[in-house]
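What follows draws every value from the coordinates through simple rules; no lab data is involved. Note that the coordinates shown come from a computational prediction; the quantities given were computed from them, not determined experimentally. Cβ coordinates were reconstructed from backbone atoms using ideal geometry, including for glycine residues, and neighbour counts include every protein chain displayed.
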Amino acid sequence: MKKILFTALSLFAAFAGSAQKLDTGLLWKISGNGLTKPSYLYGTMHITCNATLDKNILAALDNTSQLYLELDMDDPSLQTEMMGGMMMKDGVTMKSLTTPENYAVVNKFLQENAGMSADMLGTFKPFMISALLYPKMLDCEMQSYEQELIKVAKAQNEEILGLETVSEQMAVFDVIPYKEQMDELVKSAKDNLVKDKKEIADMIAVYNKKDLNALLEFMDKSENKMMASHNDVLLVNRNKNWIPKIEAIAKAQPTFFGVGAAHLAGDDGIIKLLRKKGYKVEAVK
């Protein structure tokens, strides 16, 4: 459950971005500007069929002393906090966000795919319900690069930490209108995940090319309009909040940072923001 819930915001953010040409690569070395040792930045894919870490990633993990993800994924209280953040505020329910006809479609869809009725999940934020269905959108057993990074870090007896708290991450889904989230869930229910499955398969294929520019172009063409409309809360604001944290962490000790690939590119992406601060950020070939 914890693994599935973590993908909610991360995959959502992976569909939003702005254009900036960058070298091909998902692993980036951060150096200069007073750093005594380099740190590394890796753009992850939170839902995939093969999350095998290549030799460059393993070498970067060997050359760093701690792992920072978007969230502290080995925090024992993480799942409990996430569950609390899944509920809509002010007594809003899914039934109040759509027509009776659409609600009936969603109810049947959830019973068939999640084994629960819409009434049982009625107070959940609609996008969180979509996140619970991610395993259904893959034609394979779901894997996660975060989980693989955690395995290596634990094997090396290194600390695993997070750039933001659960409450900070979950708050994004209170800013994005519940009605927009519900509209997307209705769309998924009406075509029984057909478009969702294709979009995720296509996105994985683009990601595997390690081309952040192509990934952003793909995102811009997404049919999920909700994602393109909230780039500020999904990516920009979070990236800007992370930069001073990344600076302080990297200056204290060499660190491996693993965040969703969409956070890396774009005019307000982590790579360009760090370069503006005077750091050298270069793709590891």
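Which whole-Hz couplings ³J(HN,Hα) result when phi for each residue of the stretch 274-284 is put into the Karplus expression 6.51 cos²θ - 1.76 cosθ + 1.60, θ = phi - 60°, listed in order with x for Gly and Pro?
These are the phi-based 3J(HN,Hα) values: 5, 4, 4, 7, x, 8, 8, 10, 10, 5, 8 Hz.
For every helix of n ≥ 4 consecutive DSSP H residues, a contribution of -39,500 (n - 2.57) applies; sum these over the chain, divide by its total residues, and give [θ] at 222 nm rounded to the nearest 500 deg cm²/dmol.
About -13500 deg cm²/dmol.
Find how many whole Å separate the alpha carbon centroid of the stretch 72-115 from the alpha carbon centroid of the stretch 40-63.
First find each Cα centre; the distance between them is then 31 Å.
For the chain, what does the relative contact order come out to in percent, with C-alpha contacts under 8 Å and a separation of six or more?
So the answer I get is 42 percent.
Taking P(r) over Cα pairs in 10 Å bins from 0, in percent as the quantity of interest, determine which of (i) 7, 29, 32, 21, 9, 2, 0; (ii) 6, 29, 36, 20, 7, 1, 0; (iii) 6, 24, 28, 20, 13, 7, 2, 0 was computed from the displayed structure.
Identified label for the calculated read-out: (ii).
To the nearest 20 debye, what is the magnitude of the charge dipole of the chain about its Cα centre, counting +1 on the Cβ of each Lys and Arg and -1 on the Cβ of each Asp and Glu?
Working: 33 positive and 37 negative charges, 131 e Å.
Dipole size: approximately 620 debye.
On a 0 to 90 degree scale, rounded to 10, what angle separates helix 2-13 from the longest Cα axis of the chain?
Its long axis makes an angle of about 80 degrees.
Within the stretch 212-254, which trypsin sites (Lys or Arg not before Pro) sit in a loop by DSSP and count at most 12 neighbouring Cβ atoms inside 10 Å?
Values: sites: LYS221, LYS225, ARG238, LYS240, LYS245, LYS251; in loops: LYS221.
When the trypsin sites (Lys or Arg not before Pro) of the stretch 212-254 are filtered for loop state and at most 12 Cβ neighbours within 10 Å, LYS221 remain.
Which residues among the stretch 106-131 fall inside the zone where the amide N is under 16 Å from a point 7 Å beyond the Cα of LYS179, along Cα→Cβ?
Once the point is set 7 Å along Cα→Cβ of LYS179, 126 turn out to lie under 16 Å by backbone N, inside the stretch 106-131.
State the antiparallel share, in %, of DSSP beta bridges confined to the stretch 2-283, rounding to the nearest 5.
45 percent
Residue by residue, what Karplus-based ³J(HN,Hα) values in Hz, rounded to whole numbers, does the stretch 44-56 have, using 6.51, -1.76 and 1.60 with θ = phi - 60° and x for Gly and Pro?
Working through the residues one at a time gives 9, 10, 7, 10, 7, 9, 9, 9, 5, 8, 7, 5, 5 Hz.
Hey, which of these cross-link pairs are over 26 Å Cα-Cα: LYS251/LYS276; LYS89/LYS187; LYS95/LYS187; LYS21/LYS285; LYS179/LYS272; LYS55/LYS154?
Exceeds cut-off: LYS179/LYS272.
Give, in nm to one decimal, the length gained when the segment between ASN241 and ASN63 is fully stretched (0.36 nm per residue of separation minus the Cα-Cα distance).
Result: 61.5 nm gained on full extension.
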